[in-house]
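Report on one structure; see the data block that follows.
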Amino acid sequence: MTTDRRRFLKGAGLAAAAAGVPLPAPALPDLDLGRLCGRYQWLVGDHHTHSQYSYDAMYRIDDIARGGRAHGADWIVFTDHGHAEHEKVSVEPTEADFRAARRKYPDLLLWHGLEWNVPGAEHATVFFQAGDQQAAKLREFERAFDWRLTNSEASSPANEALALRALRWLSDSERARRIHAPVVLINHPLRNGRVAPHELRAYRDAAPGIVIGMEGAPGAQADGFPKPLGNGGARGGYINSPGPNSWPGYPAEAYRTHGGWDWATAKVGGLWDSLLAEGKPWWITTNSDSHYNRGDTLVRPDVPGDWYDTHGKFPDPVDAGTPQLAAPYADFYPGEFSRTHVGVTRRSLEGVLDGLRAGRIWGSHGGLVSELEVGAYSGGSAATLGGRLRVRRGSDVTVVVRARLASRPNGGGSVPRLARLDVVAGPVTGPVADRDTMTAPGTRVVESFEPRWAPGRQVVFRHTFRNVREPFYFRVRGSNGDAEPTPDVVGQANPFDDLWLYANPLFADIC
């Protein structure tokens, strides 16, 4: 056992549990969970979608909005790829279609954003508000900072510096009130191993509150359905090996999803935990990355291979009349399989932005549970996801988790069964000396709960950290089976077979 892990166990009052001696479990206190967790409305959304204005997609903006709405999405960001032809001719038409969708679906909260080709790295969601200048400001950003337009794809110090200049542009533009509330999320971070740990830290530190985190799980989850009823590919398109621009420190397992989630998220004591152990916010989401949605009857018309390069847009999709089971990329509609739940105090664009930036986020696959609340209290301090507790040294910290079990069949045809909920915790050890650190040895699963299953039933459990002496963080995850996420097998990865949920952390600070 490492020194920091031993210190954490002792400080959190968990040494007895680690040695196999059960800790006392007093009855759940009679408390108002709404007051503890905060009285939030949880809105489902998706920050990563593609339309006919992307070089590798087909949907109209209206199709994405209508499909997301039908699958329970409350908010959607449209994020077509940066591309020379996109910057040249597609930004204003996209904005016009976006505004039409806003008028047609007033109950949806919609943004016109961009999937940024990050210099020296891969992709990120970028979105903000700029009123009548939205298209102009998106074009300005794309033209100046997208690696497809600036010849800055290769991994190099100069290109990494350009990415940081882009983030400072967002910060400066917000300060000058040229744009409002920019948000950046790193997409499918380890799909190609092209975003090094030091780059994630540099992004976070260059624009705190703007670069808020990463996709904990990629989209394109349907690509793993086995043949002949699917593509026989890999969940999320994670079928790659290291390339010339990949960071050499990632192991082979980092290039595969684990229960559908990125290795950076799924590995306990791994890259995500190493970021959290610094005591700084780094939130995770999940999304559809919608390009061609499995089971849809819409298809893209046959056009010459250079069509996009000369038009900046594909023709409207047509109805083939039969479900497409082996669609390219094999995605889902927003809200259909991957769901990012954001806790808001008001149903508005500002409400969602506030929840995202605060980390009031949990992500799930396949409707594993219909509701989740996580709260903690110590003395007079209470917090929920993304929050911070003020803890007097030597006090106890009690975590309360409430979930409502699924009651309706998902797209796989069955009602998901939650098999376990885990509390994962680790010490906050402060900034790292090596910015490429991707381990947090003191982090581990401190307790697992196996609920009795009955559709629609509410389950509540509690874990108490006793005699807390040092700062720490904790997070909650759940699954329909395995105790630990395992690498998804390429060609044999029906996403409905292996479902997980992950909630963002809470921090306990010593005062």
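The values are calculated or read from the model by the stated rules, or taken from the named source; none is laboratory data. Given the structure is predicted, the values throughout are model-derived calculations rather than measurements. Every residue, glycine as well, gets a Cβ built from its backbone with ideal geometry; the counts of neighbours run over all protein chains shown. The area values use the complete protein model at the heavy-atom level, side chains included, leaving out ligands, DNA and RNA. Shrake-Rupley method; radii C 1.70, N 1.55, O 1.52, S 1.80 Å.
General remarks:
- Hydrodynamic radius (Kirkwood) for the range 30-157, which is based on Cα pairs only, to one decimal in Å: 15.9
- In order through the range 160-171: 3J(HN,Hα) via Karplus (6.51 cos²θ - 1.76 cosθ + 1.60), integer Hz, x for Gly, Pro: 4, 5, 5, 4, 5, 5, 4, 5, 5, 4, 4, 4
- Cα-based shape type of the range 89-137, given that a ≥ b ≥ c are square roots of the gyration tensor eigenvalues and the cut on a/c is 1.5: prolate
- A Cβ-based charge dipole, computed about the Cα centre of the chain with Lys and Arg at +1 and Asp and Glu at -1, lands at about 2060 debye.
- A simple spin-label model places the labels of Glu371 and Glu450 2.7 nm from each other, with each point 7 Å out along Cα-to-Cβ.
- With every protein chain in place, the range 275-414: carbon and sulfur % of accessible area (1.4 Å): 47
- Long-range amide H partners of Leu389 with built H, under 5 Å: Phe507, Ala508, Asp509
- Cβ-based charge dipole, the chain, positive-most Cα from Asn151, Gly343, Ala70: Gly343
- Scaling the Cα radius of gyration of the chain by the globular reference 2.2 N^0.38 Å produces a ratio of 0.94.
- Value of Rg to Rh for the range 184-225 (Rh from inverse mean 1/r over Cα pairs, i.e. Kirkwood): 1.06
- Point-to-point label distance, Arg435-Ser407, nm (Cα→Cβ direction, 7 Å offset): 5.1
- Near Asn293, the amide H atoms lying under 5 Å from its own belong to Asp331; only residues 5 or more places off or on other chains count, and H is placed 1.01 Å from N.
- Rounded to 10°, Cα long-axis angle of helix 61-70 versus longest principal axis of the chain: 40
- Annotation for His180 and Val460: the two label points, set 7 Å from Cα along the Cα-Cβ direction, are 3.9 nm apart.
- Overall, the anisotropy analysis places the range 258-400 in the prolate class: the square-rooted eigenvalues a ≥ b ≥ c of its C-alpha gyration tensor yield a/c not less than 1.5, with a/b exceeding b/c.
- Backbone geometry of the range 91-97 corresponds, through the Karplus equation with coefficients 6.51, -1.76 and 1.60 at θ = phi - 60°, to 3J(HN,Hα) couplings of 5, 5, x, 4, 4, 5, 5 Hz, x marking Gly and Pro.
- Cut-off under 5 Å, modelled amide H: who pairs with Gly260 long-range: Asp488
- Rounded to 5, the percent of DSSP beta bridges in the chain classed as antiparallel: 75
- The mean of 1/r over all distinct Cα pairs in the range 117-225, once inverted, gives the Kirkwood hydrodynamic radius of 14.4 Å.
- Here the Karplus relation 6.51 cos²θ - 1.76 cosθ + 1.60, evaluated at θ = phi - 60°, turns the backbone of the range 367-373 into coupling constants of x, 3, 9, 8, 9, 8, 10 Hz, with x for every Gly and Pro.
- Mean projection area, nm², convex hull over Cα of the range 146-192: 4.0
- Among the trypsin sites (Lys or Arg not before Pro) in the range 101-205, those located in a DSSP loop and surrounded by at most 16 other Cβ atoms within 10 Å of their own Cβ are Arg177, Arg178.
- For the range 278-358, applying the loop criterion from DSSP together with a ceiling of 12 other beta carbons within 10 Å to the trypsin sites (Lys or Arg not before Pro) yields Arg346.
- Cα gyration tensor shape of the range 396-511, rounded if a/c is under 1.5, else prolate or oblate by comparing a/b with b/c: oblate
- Computed [θ] at 222 nm, deg cm²/dmol, the chain (DSSP H ≥ 4; -39,500 (n - 2.57); rounded to nearest 500): -6000 deg cm²/dmol
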